[in-house]
Amino acid sequence: MLAQTLQQPVIRSGLRLYNPFRDTDAVADVIESAFGDELALTGSEIIGEMRRWARWWPLLWLLNPLDPLSAGFVWLEEGRIVGNINLWLTDARTGHWLITNVAVLPEYRRRGIGQQLVAAGLDLIRAREGKVALLQVRQDNPTAIALYARFGFRPYHTVVEMRREASDWPARAASHWQPVSWRDQSAADELYRAAVPAIARYYRANPQAPYPFRHSSGPDRWLDDLLARRRTFQQAVKVDARLLAMVQVVAQRPPRLHHLAFLVHPQARDEYARDTVQQGLSLLQGRPPGAVLSTVTAGGAEEEALAFWGFAPTRRLAQMKLDLTE
């Protein structure tokens, strides 16, 4: 598989399979040019992660040979990568695939490149017996929404990204918060299923999805945290073998944004929703004040809890899906 990827034919213009070993830096340039201001506002780490992959790929490939950025296509004009699409297989059992990083350099737009990239991506998913294609798009981007609608995508869920500007950190919520360990994985899975609506779980492989435990597990994530010079904190409220609430904070060096993700059991939301956000923010004590970003289901108790602690919406994202079996 590795040899086949490295030996792809040379194409000067048009569509070509994405090659993670030689294309990642150029694709990062395309994504940064297309969405740079938006990525800065939301504190996205995609560009930094891609740069690290390009620099350290032999080691990262050994730790995680099925890197999700290894599937996709690029569009070339005279040997220059000007467009990109990436594909993740998020659930082999159900055949769910995630489409990400659909980007075209501004000067090459309105030429049908984006449409051809999406069409190629869907063809690849079908060829690999995928059953559902998922993607995420800003609600205030009617052009992109119309493009995906032409392929049959329909919105099914909405999430909101919320940001808290730099300020002092609150005191810790209470002493009943405990560190999370690998032994809590089953309990975290149970909390996730209870806290996240079934319809929202389609998109769980998204790195910014509100499922904090898996996001930082595994040697590849530990190494990535080390290379990115950040720290991850995870705590939970535990009652016997159950988790009632769970919070993860990824602390980074300013001016990069800190990230907060959390889960609260529906039966404990009145008691713990605000408490969980407070505890997450308190884990940043001792670190320089900086902006914090969190992504939650729009219109729910989690959004209200974030607003209580000074978070404000930055953008709302429509999650769309296409059933490929129809």
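The values are calculated or read from the model by the stated rules, or taken from the named source; none is laboratory data. Remember, it's a predicted structure, so these values are computed and weren't measured experimentally. Cβ: placed from backbone, ideal geometry, glycine included. Neighbour counts: every protein chain shown.
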request  = State yes or no: is Ala173 modelled with pLDDT under 90 and more than 17 Å from the chain's Cα centre (by Cα)?
outcome  = yes
task = Report, ordered by the first and then the second residue, all pairs with beta carbons closer than 8 Å, sequence separation of six or more or different chains, a first member in the range 17-39 that is over 20 Å from Glu77 (Cβ atoms), and a second member that is of a type in the set (A, V, I, L, M).
result = Pro20/Leu69; Phe21/Leu6; Leu39/Ile31; Leu39/Ile46; Leu39/Ile47
request  = Only residues in the range 176-192 that are among the hydroxyl-bearing types (Ser, Thr, Tyr) count as the first member; pair them with residues that are crowded, with 20+ Cβ neighbours inside 10 Å, Cβ under 8 angstrom, at least 6 apart or cross-chain, and list the lot.
outcome  = Tyr192/Tyr211; Tyr192/Phe213; Tyr192/Leu263
inquiry  = Being closer than 30 Å to Arg93 by Cα, of a type outside the set (A, V, I, L, M, F, W, C) and either in contact with a helix residue (DSSP H, G or I) (Cβ under 6 Å, 6 or more places away or on another chain) or part of a loop (DSSP other than H, G, I, E, B) (or both) is the filter here; which residues of the range 160-202 pass it?
reply    = Glu161, Ser181, Pro197
query = Does the range 178-194 include one or more residues that are among the polar types (S, T, N, Q), under 21 Å from the mean Cα position of the chain (by Cα), surrounded by fewer than 20 Cβ atoms within 10 Å (Cβ to Cβ) and closer than 25 Å to Thr314 by Cβ?
reply = no
request  = Mind listing whichever residues of the range 82-94 are more than 19 Å from the chain's Cα centre (by Cα) and surrounded by 20 or more Cβ atoms within 10 Å (Cβ to Cβ)?
outcome  = Val82, Gly83
task = Could you please give the count of residues in the range 289-326 that are part of a loop (DSSP other than H, G, I, E, B) and either closer than 30 Å to Arg126 by Cα or touching a residue at least 60 places away in the same chain (Cβ under 8 Å) (or both)?
result = 11
task = Could you check how many residues of the range 280-326 are at pLDDT 95 or above, over 21 Å from the mean Cα position of the chain (by Cα) and surrounded by 20 or more Cβ atoms within 10 Å (Cβ to Cβ)?
result = 1
note = Picking from Arg253, Arg287, the residue that is charged (D, E, K, R), touching a strand residue (DSSP E or B) at 6+ places or on another chain (Cβ under 6 Å) and farther than 13 Å from Glu161 by Cα would be Arg287
ask   = In the range 101-130, which residues are crowded, with 16+ Cβ neighbours inside 10 Å and touching a residue at least 60 places away in the same chain (Cβ under 8 Å)?
value = Asn101, Ala103, Val104, Leu105, Gln116, Leu117, Ala120, Leu122, Ile125, Gly130
inquiry  = Tell me the residue from Trp75, Trp97 that is crowded, with 20+ Cβ neighbours inside 10 Å, hydrophobic (A, V, I, L, M, F, W, C), at pLDDT 90 or above and over 23 Å from Gln319 (Cα atoms), please.
reply    = Trp75
query = Can you spot a residue in the range 149-162 that is within 24 Å of Gly300 (Cβ to Cβ), more than 17 Å from the chain's Cα centre (by Cα), surrounded by fewer than 15 Cβ atoms within 10 Å (Cβ to Cβ) and aromatic (Phe, Trp, Tyr)?
reply = yes
